[in-house]
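For reference, the structure is listed below as structure tokens.
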């Protein structure tokens with residue numbers, strides 16, 4: 001049977017944010033004990049007093065939390081490249097039976113401009129297209145019969161080229177977005193592939209965002 005301390009540790013470490021906040025003394029332990037109490041009792045199969053949970057939390061070693069943090073810092077020091085693009089537009093269209101055909105038409109036109117940046121992201125009910133603003137007129141001509149839900153101008157993007165092991169380390173995206181949020185930088189879109197992570201934001205936030213993301217490589 002799993003020990004109470006092990007159960008509580010497993011529950012807390014499911015969330016990097018919770019683990020970090022607890023290590024930094026930002027969490028009210030009594031409130032946390034009440035919140036996770038039902039989950040602790042379900043895992044242990046018996047009633048557990050709140051005081052026992054509080055005691056177990058207070059006795060938790062923070063070494064695991066700092067070990068995770070250290071691994072992330074070492075990971076970000078391996079970032080090989082950070083690239084920036086400006087003059088971007090962000091369109092969101094309602095998904096329709098004709099939308100894919102319109103995307104194909106746009107791709108055909110884009111093929112004439114090999115250095116143009118574009119990205120498609122299709123959700124359940126809508127599709128977002130991120131594209132260089134030099135193609136604004138062409139895109140709007142092709143999609144003029146589609147229902148436009150939103151359009152954002154004056155955007156830039158910062159792309160991080162991640163080491164291949166990024167898929168085996170949890171908390172990477174959390175760490176990136178946390179640093180941006182702490183610095184009051186709003187994220188318009190996120191684009192992710194296997195080894196690239198792109199943040200789309202307003203032009204006015206580009207310099208600060210670039211500085212923050214570059215700083216990830218320099219943290220001790």
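Worth pointing out:
- Single match in 159, 132 (criterion: surrounded by 17 or more Cβ atoms within 10 Å (Cβ to Cβ), closer than 10 Å to residue 89 by Cβ and in the same structural domain as residue 177 (by TED's automatic domain parsing)): 132
- None of 144, 102 is in contact with a helix residue (DSSP H, G or I) (Cβ under 7 Å, 6 or more places away or on another chain) and either under 30 Å from residue 207 (Cβ atoms) or at pLDDT 95 or above (or both) except 102.
- The single condition from (1) surrounded by fewer than 18 Cβ atoms within 10 Å (Cβ to Cβ); (2) part of a helix (DSSP H, G or I) that residue 191 fails is (2).
- Note on segment 152-173: residues that are closer than 17 Å to residue 196 by Cβ, out of contact with any strand residue (DSSP E or B) (no Cβ under 7 Å at 6 or more places or on another chain) and in a loop (DSSP other than H, G, I, E, B) total 2.
- Residue-level analysis places residue 63 outside the set of residues that are modelled with pLDDT of 95 or more and exposed (fewer than 14 other Cβ atoms within 10 Å of the Cβ).
- Answer residue from segment 194-217, given it is free of Cβ contacts under 8 Å to residues at least 40 places away in the same chain and part of a loop (DSSP other than H, G, I, E, B) and is nearest to residue 157 (Cα to Cα) among those: 195
- From the options 206, 201, 180, 190, residue that is at pLDDT 85 or above, more than 14 Å from the chain's Cα centre (by Cα) and assigned by TED's automatic domain parsing to the domain that holds residue 127: 206
- For segment 174-188, the tally of residues that are surrounded by 14 or more Cβ atoms within 10 Å (Cβ to Cβ) and over 17 Å from residue 154 (Cα atoms) stands at 7.
- Residue in segment 127-139 that is over 21 Å from the mean Cα position of the chain (by Cα) and on the phi > 0 side of the Ramachandran plot present: no
The values are calculated or read from the model by the stated rules, or taken from the named source; none is laboratory data. Predicted model only: the values in this text are computed from it and were never measured. As a convention, Cβ positions derive from the backbone with ideal geometry for all residues, glycine included, and neighbour counts pool all protein chains shown.
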